[in-house]
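As structure tokens, the structure follows; a few thoughts come after it.
The values are calculated or read from the model by the stated rules, or taken from the named source; none is laboratory data. Please read these numbers as outputs of a predicted model, since none were measured by experiment. For neighbour counting, all protein chains shown are included, and Cβ atoms are generated from backbone atoms with ideal geometry for every residue, glycine included. What goes into the accessible areas is simple: the full protein's heavy atoms, side chains included, and nothing from ligands, DNA or RNA. Shrake-Rupley method; radii C 1.70, N 1.55, O 1.52, S 1.80 Å.
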Amino acid sequence: MNKVFEVLHKYYGYNSFRKGQYEIINNILSKRDTFCILPTGGGKSICYQIPALLFNGVTIVISPLIALMKDQVDNLRANGIKAEYINSTQSLESIDNIMEMCRNGGVKLLYIAPERLENEFFKRKLRRLNISQLAIDEAHCVSMWGHDFRRSYGLINDFINSLSIRPVVTAFTATATEVVRKDVVKLLGLRKPYIYIGSFDRDNLSIRVHIEEDKLELVKDIIKDKENEAGIIYCATRKEVDGLYFYLKDLGYDVLKYHGGLKDEEKEYYQDEFLNENSNVMIATNAFGMGIDKSNVRYIVHFTMPKNIESYYQEIGRAGRDGAMSECHILFNRSDIRTLEYLIYTTVQIDRKELEIKKLQSMIDFCESKECLRSFILKYFGEENVREYCNNCSNCLNSDELRDYTIEAQKILSCVYRTRERYGVAVLIDVLRGMIGPKIINDKLNELTTYGIMKEYSSKFIRDLIKALIDFGYVNLKEGTYSMLQLNEKSYSILKSKQRVMLKLNYENEEKVINSDLFNKLRIWRRDTAIKEGVKPYIIFSDATLIELCNKLPKTEEELLQIRGMGEKKFNKYGDELLKRLKS
Ligand code: ADP
């Protein structure tokens, strides 16, 4: 098997790449500088980690957030990958030990804070290493026009030029406007880079706007509905955070809070309670969330409308990083507008006021829009070829309109035909979306005419449509199989354009846990194991992996190894225990 897939399965337990990852990894492996723009949760880390594992020597990762660095390294180690980090909190002796390990080839990835490059002594040590790749995370920090400018990012280019052998240089970010993008290429000195700009669509986020409803009742409903699941409730001001916190606390809810007015030790305490899953509901201002890599935040509530679409998208980006379905609710009352306008007039510099008011107006337009909310956001960010409905936002879900899905149905059915009715729904979806995986390459499915003809659709959308086609008898499930499709007479009339497909698609989220008792038991096991090992629970397994375990109930080692997120190391470490727990 192709080495890249081998590594993906062995270390990460995944069977296919997300959009863009395969191309990005292959470019890096051919030693071409690469600049990759993917949304939060899009899977950037694997793009430099897999080349790091396949190259000789060490990959240096420059990463701006100390808290994230530890998480990343814990994550890699849990997958059996040798990784270390160095920041200002370590002693000289332990830094020397790590550098020694790097020299001896004992480390594949070394994470450092950019400020390390201010230290000549440290740079000299770095130069003695066999550096295969220099990966720069949050690359937008190099640009003054980005939103988190970091002066020491400016030292990276000189450092690269001081190396006797230039490693391949790779840069990653989730946010880049045209100016920032140009700055990154220039200021980091990328040479003829391969640039990948991914879609900003996060299809596992269900966006919902609630207009003029009782906010307190709604918040209580959401918390109850998502009992045991982690969520963040964003408020506009500290006062609002405190108010909501005490209101819910008095009613007996187990909630946490976070805002700039708390003492450092209080902030640390509340944050740790949240990350360690001792408590699941965090009420906060937007000060909370930067550098939080918790992958299983299942819902975000904006108790007050956010001040602009940029902040909104960044904040909801903290939900569902593991790819499992997550909900994002905005509670919108027109009286919020005054609060936000007041905040802009009192806190924003005079020359930016007009711009901020304009941005606020776009946010209001978004809340009041009747069109698909996802398409609204994607168009706002300048994306082209955006679908007009996503079937996963409050406007699409609440719409009673029958829509014409004939073209989509034809695409799906002709893919069933081209693949000779031999594959299950998961593979069909991958073929339609143009994904890369071992099965697709081995069976040459990427050479079919139907390969990639539904690139702009989410897998949830295609799955929902297939479900509806089966429900309405437009295609059959092959007898004796779980998900293979078989064309029938109606399918052929659709393919020949003799029949139209008019539907109202409003399936709720696909990744529901069938057995929630088992899910809760596994979650408790995960938390106990995390405490024993001194790591965060989501480092042990993501929610997406636990959900798949509950829904597929693997009985043998082979079946267990097929679960997404079950790499070799985790399989060896927890496999027996999990099979035992799944049996009982
Ligand atoms: P980013 O850095 O772009 O915000 P991450 O690299 O942290 O995103 O990835 C987000 C999540 O997606 C992680 O839990 C990661 O393990 C998972 N992931 C990445 N690539 C894949 C893949 N090919 N298949 C399944 N999950 C993946």
Pull up the stretch 9-34, narrow it to residues that are in contact with a helix residue (DSSP H, G or I) (Cβ under 6 Å, 6 or more places away or on another chain) and more than 9 Å from the ligand (Cβ to nearest atom), then point me to the one that is farthest from residue 62 (Cα to Cα). 10
Just one of (1) in contact with a helix residue (DSSP H, G or I) (Cβ under 9 Å, 6 or more places away or on another chain); (2) free of Cβ contacts under 8 Å to residues at least 24 places away in the same chain trips up residue 242, so point out which. (1)
Pairs only if they're at least six apart or on different chains, beta carbon under 6 angstrom, first in the stretch 6-18 and assigned by TED's automatic domain parsing to the domain that holds residue 561, second within 6 Å of the ligand (Cβ to nearest atom) and among the hydrophobic types (A, V, I, L, M, F, W, C); list them, first residue then second. none
Here are some conditions: (1) within 11 Å of the ligand (Cβ to nearest atom); (2) at pLDDT 95 or above; (3) of a type outside the set (Ser, Thr, Tyr). Residue 72 meets all but one. Which one does it not meet? (2)
Tally the residues that are open to solvent by 40 Å² or more (accessible area, probe 1.4 Å) and either in a loop (DSSP other than H, G, I, E, B) or in contact (Cβ under 8 Å) with a residue 12 or more places away in the chain (or both), restricting the search to the stretch 431-445. 4
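Of all residues in the stretch 196-223, how many are without any contact (Cβ under 8 Å) to a residue 12 or more places away in the chain and closer than 25 Å to residue 460 by Cβ?
The qualifying residues number 1.
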Residue pairs, Cβ under 8 Å, 6 or more apart or interchain, first in the stretch 263-275 and over 16 Å from residue 296 (Cβ atoms), second surrounded by 14 or more Cβ atoms within 10 Å (Cβ to Cβ) and among the hydrophobic types (A, V, I, L, M, F, W, C). List them. 270/256; 270/262; 270/282
Since residue 294 meets every condition but one in (1) at pLDDT 90 or above; (2) open to solvent by less than 20 Å² (accessible area, probe 1.4 Å); (3) under 18 Å from residue 327 (Cα atoms), which condition does it not meet? (1)
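Determine, yes or no, whether residue 233 is under 30 Å from residue 275 (Cα atoms), open to solvent by less than 50 Å² (accessible area, probe 1.4 Å) and in the same structural domain as residue 292 (by TED's automatic domain parsing). Talk me through it step by step, then tell me what you get.
On the way: under 30 Å from residue 275 (Cα atoms): yes; open to solvent by less than 50 Å² (accessible area, probe 1.4 Å): yes; in the same structural domain as residue 292 (by TED's automatic domain parsing): yes.
It is true that residue 233 is under 30 Å from residue 275 (Cα atoms), open to solvent by less than 50 Å² (accessible area, probe 1.4 Å) and in the same structural domain as residue 292 (by TED's automatic domain parsing).
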Name the residues in the stretch 152-207 that are of a type in the set (Asp, Glu) and either surrounded by 21 or more Cβ atoms within 10 Å (Cβ to Cβ) or at pLDDT below 95 (or both), would you? 178, 183, 201, 203
Could you tell me which residue of the stretch 43-53 is nearest to the ligand (Cβ to nearest atom), considering only residues that are open to solvent by 10 Å² or more (accessible area, probe 1.4 Å) and in contact with a Lys or Arg (Cβ under 7 Å, 6 or more places away or on another chain)? 43
Residue pairs, Cβ under 7 Å, 6 or more apart or interchain, first in the stretch 302-329 and farther than 14 Å from residue 234 by Cβ, second among the hydroxyl-bearing types (Ser, Thr, Tyr) and open to solvent by 10 Å² or more (accessible area, probe 1.4 Å). List them. 309/362; 309/380; 321/40; 321/295; 322/295; 322/542
Taking the stretch 54-68 as the search range and keeping residues that are at pLDDT 95 or above and surrounded by 19 or more Cβ atoms within 10 Å (Cβ to Cβ), which one is nearest to the ligand (Cβ to nearest atom)? 61
Pull out all pairs, ordered by first then second residue, where Cβ-Cβ is under 6 Å, the residues are six or more apart or on different chains, the first lies in the stretch 31-54 and is of a type in the set (Gly, Ala, Ser), and the second is within 14 Å of the ligand (Cβ to nearest atom) and not in a helix (DSSP H, G or I). 41/321; 42/198; 43/18; 52/109
Select from the stretch 312-356 the residues that are out of contact with any Leu (no Cβ under 7 Å at 6 or more places or on another chain), outside any loop (DSSP other than H, G, I, E, B) and hydrophobic (A, V, I, L, M, F, W, C) and write down the one among them that is most open to solvent (accessible area, probe 1.4 Å). 350
Could you count how many residues in the stretch 527-543 are within 16 Å of residue 79 (Cα to Cα), open to solvent by 10 Å² or more (accessible area, probe 1.4 Å) and either in a helix (DSSP H, G or I) or within 16 Å of the ligand (Cβ to nearest atom) (or both)? 6
Conditions (1) in a helix (DSSP H, G or I); (2) farther than 24 Å from residue 542 by Cβ; (3) open to solvent by less than 40 Å² (accessible area, probe 1.4 Å); number of the one not met by residue 223: (2)
Odd one out for residue 141 among (1) more than 21 Å from residue 67 (Cα to Cα); (2) of a type outside the set (Ser, Thr, Tyr); (3) assigned to a helix (DSSP H, G or I): (1)
Given the structure, is residue 395 modelled with pLDDT under 85 and among the polar types (S, T, N, Q)? no
Looking at the stretch 15-35, can you tell me whether even one residue there is within 14 Å of the chain's Cα centre (by Cα), over 28 Å from residue 115 (Cβ atoms) and aromatic (Phe, Trp, Tyr)? yes
Just checking, does the stretch 81-95 include any residue being touching a residue at least 60 places away in the same chain (Cβ under 8 Å), within 16 Å of the ligand (Cβ to nearest atom) and open to solvent by 10 Å² or more (accessible area, probe 1.4 Å)? no
Output the residues belonging to the stretch 454-468 that are over 24 Å from the mean Cα position of the chain (by Cα) and open to solvent by 30 Å² or more (accessible area, probe 1.4 Å). 467
Checked the stretch 549-570 for anything part of a helix (DSSP H, G or I) and either among the polar types (S, T, N, Q) or surrounded by fewer than 18 Cβ atoms within 10 Å (Cβ to Cβ) (or both); matches are 551, 552, 557, 558, 559, 561, 568, 569
